[in-house]
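Accompanying notes for the structure given below.
The values are calculated or read from the model by the stated rules, or taken from the named source; none is laboratory data. If you're wondering where the values come from, they're calculated on a predicted model, not measured in any experiment. When we count neighbours, we look across all protein chains shown, and the Cβ atoms used for this are built from the backbone with ideal geometry, even at glycine. Accessible surface areas use protein heavy atoms only, side chains included; no ligands, DNA or RNA. Shrake-Rupley method; radii C 1.70, N 1.55, O 1.52, S 1.80 Å.
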Amino acid sequence: MAATPRPSLQREQQRAADIIRLLTLYRPLLDAYVIDFFAEGLWAQLPPPWQAALATAAPPQLAGLLGGRGGPGATWPLSLLAFAAATRALAFPRGHLRGGSPRPPCQSARLHPLLRRHRLCPPQGHLSRFLAFGLGLSVTAVEGDSRLAGMAERFDRELLRELGKKGVSGNEGPPRCCQNPPCCPPSPLTPQGPRHVAGRLDPGAPWGEFLLPPSPPGPGPTARNPLGGPGGAEGGQRVLVTGLHACGDLSPALLRHFTRSPAVAAIASVACCYMKLSTPPQPPGCPPGYPLSAWVAGLPGHELSYRAREAACHALEEYTGRLCRESGCLRTHCYRAVLETLIRAADPSKKRPGVQTVKKAHTLSFPQYARLGLPRVGLDPAAIPLESEAVGAMLEQQHKVVAFFSLALLLAPLVETLILLDRLLYLREQGGCRRGGAGWPVALPVPTHPLSAGFHCALVPLFDPRFSPRNLVLVAARTPLGAVLSGLDEDSSEDEDTGGAEPPGEGQS
């Protein structure tokens with residue numbers, strides 16, 4: 001008789017099934033492109049009570065809907081409130097650890113207790129440079145583009161020259177770690193730089209052979225596999241694999257190598273660019289990036305369109321801020337939707353052509369914007385009426401375009417949650433996930449997964465989402481994580497004492 005799944009596993013499996021049911025129910029909204037708003041009559045596809053309420057909603061009221069509050073003077077239909085409440089209840093919490101000041105992820109000292117051994121992480125080199133020079137850790141950085149690897153090495157040399165001018169020279173030896181990192185003062189910069197390797201990951205290869213030649217090929221010989229030593233790295237150490245905003249299929253590839261590589265002691269993975277994930281069908285021997293787990297793959301309706309995966313990459317907090325401020329940037333979606341209508345009227349064969357970003361589009365009038373965008377798709381602005389009554393009527397519906405996009409954003413965290421939940425369930429299937437360990441701090445909003453044996457894993461909202469919308473870190477190890485993760489809460493309180501940084505301003509990335 002098969003063993004009954006543990007309650008925690010059943011809950012996560014049920015959560016995945018519930019998310020898929022909700023996404024299926026609202027699939028037309030999820031898969032809609034806001035630039036089709038006028039061309040395909042998207043507003044008319046909303047329930048009439050939603051249309052009536054959203055048509056009169058001010059941007060700050062929409063921000064309240066996204067943030068879980070009604071906003072000043074907002075009255076929403078019960079069905080819309082239920083929809084918003086369901087999306088928030090099923091999505092993983094995105095707020096970073098309490099007490100922490102906002103900080104870019106590659107500068108976060110909270111990474112220190114997670115990254116304590118020989119590291120393997122990709123450049124351009126910002127994270128690897130911080131870990132090596134800033135924390136004195138032994139780092140090997142793998143980059144699939146040999147040109148970027150060369151650029152990262154150039155940045156390293158520039159930093160070494162600056163350190164030399166300040167009198168820092170020589171190799172100070174192995175990483176300096178203490179038993180309680182959050183209590184240690186920041187270490188001075190060290191001249192121990194990262195090692196850069198140009199190569200690509202082969203997700204189907206054995207752990208000792210996973211490195212393929214870079215693309216394009218570099219000028220030198222093929223780099224040696226950094227995991228090619230006996231039992232681990234070349235020096236015999238076990239490694240921690242990190243991927244900070246590892247794009248598309250790179251994150252699933254790292255997880256696959258962790259599950260079958262005895263040399264990899266742990267992994268810290270922050271994903272991005274979900275729309276670049278491969279999906280079935282795939283050629284033989286090429287496993288898809290989504291779904292990873294057998295459980296999610298077996299659920300009817302688990303498929304995620306390109307548009308749905310692209311939506312999961314949006315910055316919910318940033319857009320909520322624009323709504324609160326009633327930013328002029330909100331008109332950009334309406335401009336592009338009107339332009340799409342004009343493009344299809346002029347040439348029906350052109351559907352969602354790549355117009356590219358028009359800089360500071362929100363500061364332009366629509367005719368100015370159109371005169372810059374139309375030539376990019378091969379159309380003459382002089383042959384298209386840009387100031388007609390029809391164009392004016394569409395521009396007057398900007399508030400509806402903003403409201404429609406806000407509804408779609410409510411579903412975006414659900415798609416990201418499903419993708420990350422699929423990865424957690426994959427780890428369960430490969431070796432099981434266990435909670436961090438004894439003494440787990442209850443205040444941390446970290447979903448953990450207890451099992452009697454196997455991998456220890458957690459999903460940590462480590463960064464402030466205002467700086468890094470992809471702020472959820474999937475941490476997995478073969479040893480308990482409790483002591484390390486409990487230190488993150490203490491470290492976040494220390495960050496508060498150092499003074500908070502301001503999030504990027506309007507137009508910054």
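Inside segment 303-334, can you point out the residues that are open to solvent by 20 Å² or more (accessible area, probe 1.4 Å) and either in a loop (DSSP other than H, G, I, E, B) or among the hydroxyl-bearing types (Ser, Thr, Tyr) (or both)?
GLU303, SER305, TYR306, CYS313, HIS314, ALA315, THR320, GLU326, THR332
Here are some residues: LEU131, LEU189, LEU160, LEU127. Which one is at pLDDT 50 or above, in a helix (DSSP H, G or I) and open to solvent by 20 Å² or more (accessible area, probe 1.4 Å)? Step through it out loud before you land on a result.
On the way: LEU131 fails: open to solvent by 20 Å² or more (accessible area, probe 1.4 Å); LEU189 fails: in a helix (DSSP H, G or I); LEU127 fails: open to solvent by 20 Å² or more (accessible area, probe 1.4 Å).
Within the list LEU131, LEU189, LEU160, LEU127, the selection yields LEU160.
Which of the residues belonging to segment 368-394 are under 15 Å from ASP347 (Cα atoms), of a type in the set (A, V, I, L, M) and not in a helix (DSSP H, G or I)?
Within segment 368-394, LEU379, ILE384 meet the criteria.
Find the residue count for segment 343-367, including only residues that are closer than 20 Å to VAL402 by Cβ, assigned to a helix (DSSP H, G or I) and open to solvent by 20 Å² or more (accessible area, probe 1.4 Å).
First, pick out the residues of segment 343-367 that are closer than 20 Å to VAL402 by Cβ: 352, 355, 357-358, 360-366.
Of the ones still in play, those that are also assigned to a helix (DSSP H, G or I) are 361-363, 366.
Pick out the ones that are also open to solvent by 20 Å² or more (accessible area, probe 1.4 Å) and you get 362-363.
Final tally of qualifying residues: 2.
Answer yes or no: is there a residue in segment 28-49 that is in contact with a Lys or Arg (Cβ under 6 Å, 6 or more places away or on another chain), in contact (Cβ under 8 Å) with a residue 24 or more places away in the chain and of a type in the set (A, V, I, L, M).
The answer is yes, given that some residue of segment 28-49 is in contact with a Lys or Arg (Cβ under 6 Å, 6 or more places away or on another chain), in contact (Cβ under 8 Å) with a residue 24 or more places away in the chain and of a type in the set (A, V, I, L, M).
What tally of residues in segment 51-70 results from selecting those that are closer than 30 Å to PRO353 by Cβ and open to solvent by less than 20 Å² (accessible area, probe 1.4 Å)?
At the first step, the residues of segment 51-70 found to be closer than 30 Å to PRO353 by Cβ are 51, 54-55, 59, 62, 66.
This time we only want the ones that are open to solvent by less than 20 Å² (accessible area, probe 1.4 Å), so: 54, 62, 66.
Here the count works out to 3.
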